[in-house]
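Reviewing the structure listed below.
The values are calculated or read from the model by the stated rules, or taken from the named source; none is laboratory data. Source: prediction; values computed, not measured. A quick note on method: Cβ atoms are made from the backbone with ideal geometry, for glycine too, and the neighbour counts reach across all protein chains shown. Only protein heavy atoms, including side chains, enter the accessible area calculation; ligands, DNA and RNA are left aside. Shrake-Rupley method; radii C 1.70, N 1.55, O 1.52, S 1.80 Å.
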Amino acid sequence: MPRHIACLSYDFDTWSGFASRGLTTPTPVSRGEFGIVGAARILDLLGSHDIKASWYIPGVVIETYPEACARVVEEGHEVGHHGWSHVPPAELPAEVEAEEFARAVASIERLTGRKPAGYRSPAWDLSDRTIDLLVEHGCRYDSSMMGHDCEPYFARRGDKVAADAPLVFGETTDLVEIPISWSLDDHPHFEFFRTKAGVMPGLANANAVLENWLADFEYMCRTSEWGAMVYTFHPYVSGRGHRMMMMEKLIDGLARMGAEFLTLEQVEQEFRARQTP
């Protein structure tokens, strides 16, 4: 019987993403802090629809806003690893990445009482060491790569990649990859940035984005017997009024198409159960 899953996921970064870009003056910090307002609105919406979601929270955010993060846990949502800082692991020295990874695990364990089942890289940019750290710390899935649009797969490590040679595939691990896409992320559609490097325009019409997001799910339903579509939100982005309206319309539209709303941890478990022994 066909089964089509929608995962609502939230990167609860607040100001940490701005700080990782060197934006530490009062206005960008306040822009990130709006995420506390947005998170409360989103939790209210999810609760009204009885939907459990996956929240990826950097350690610095957990330690800065313990009450807001505790509400995520109290209302039954998954908390996943999203780094200690929001600096992408590909930009960190090996020893710093390892230290930050362990520090974030400890922070999540204090918040939830358990180690995280899954990981999502800040800015979706893994280093060539990150998967080893995930395996070492007992994570069962990652959600940072883009090798499919709606079907999980087992992640590889140790690929050899060069611009002037064929790719040499590395080892396939037991780590489940639950793929994501920039096109299903609110940030590039909506957030305006002006830096010395250039301008990211953002500020797209929410109804146009909604149309695309529903169409992706409809296509999955047409072409796959089983699949999981992962939508990524940031509370400081989608907590704004008209985007909250879009999120509610998305939930309603997905439900009309028969979507089952699961956390990414539940998808990982279901994917493993579907594999031939």
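Accessible area per residue (1.4 Å probe, heavy atoms of protein chains only) ranks 21, 41, 71 as 21, 41, 71, with the largest value leading. Rg/Rh, computed from the Cα trace of the stretch 83-218 with Rh as the Kirkwood radius, has the value 1.00.
Find the all-direction average of the projected area of the Cα convex hull for the chain, expressing the result in square nanometres with one decimal place.
15.6 nm²
Computed over the stretch 1-147, the P(r) tail beyond 25 angstrom holds 27 percent of alpha carbon pairs.
Taking a sphere under 12 Å around the Cβ of residue 253 and counting the other residues whose Cβ falls inside, with K and R at +1 and D and E at -1, yields a net charge of -3. Normalised by 2.2 N^0.38 Å, where N is the number of residues, the alpha-carbon radius of gyration of the stretch 6-64 equals 1.23. The calculated pair-distance distribution of the stretch 146-268 uses every alpha carbon pair, bins of 10 angstrom beginning at 0, and gives 11, 34, 30, 21, 5 percent. The value of relative contact order for the chain, using C-alpha pairs under 8 Å at least six residues apart, is 27 percent.
What does the net charge come to around residue 274 if you take all other residues with beta carbon closer than 13 Å to its beta carbon, with K and R at +1 and D and E at -1?
With Lys, Arg at +1 and Asp, Glu at -1, the net is -2.
Computing the accessible area with a 1.4 Å probe over protein heavy atoms, can you report the carbon and sulfur percentage for the chain? Please report the intermediate quantities before stating the final value.
On the way: 6830 of 12870 Å².
That share works out to 53 percent.
Of all trypsin sites (Lys or Arg not before Pro) in the stretch 82-136, which ones are in loop regions per DSSP and have a Cβ with at most 10 other Cβ atoms within 10 Å? When the trypsin sites (Lys or Arg not before Pro) of the stretch 82-136 are filtered for loop state and at most 10 Cβ neighbours within 10 Å, 114 remain.
Placing R0 at 41 angstrom, the Cβ-Cβ distance between residue 73 and residue 163 gives a FRET efficiency of 0.40 after rounding to 0.05. For the pair the stretch 74-91 and the stretch 161-206, the centres of their Cα atoms are 17 angstrom apart. Note on residue 94 and residue 136: their simple-model spin labels are 1.0 nm apart, each label 7 Å out from Cα toward Cβ. Full extension of the chain between residue 52 and residue 154 yields a length gain of 34.3 nm, computed as 0.36 nm times the residue separation minus the alpha carbon distance. Protein heavy-atom accessible surface, 1.4 Å probe, per residue over the chain: 46 Å².
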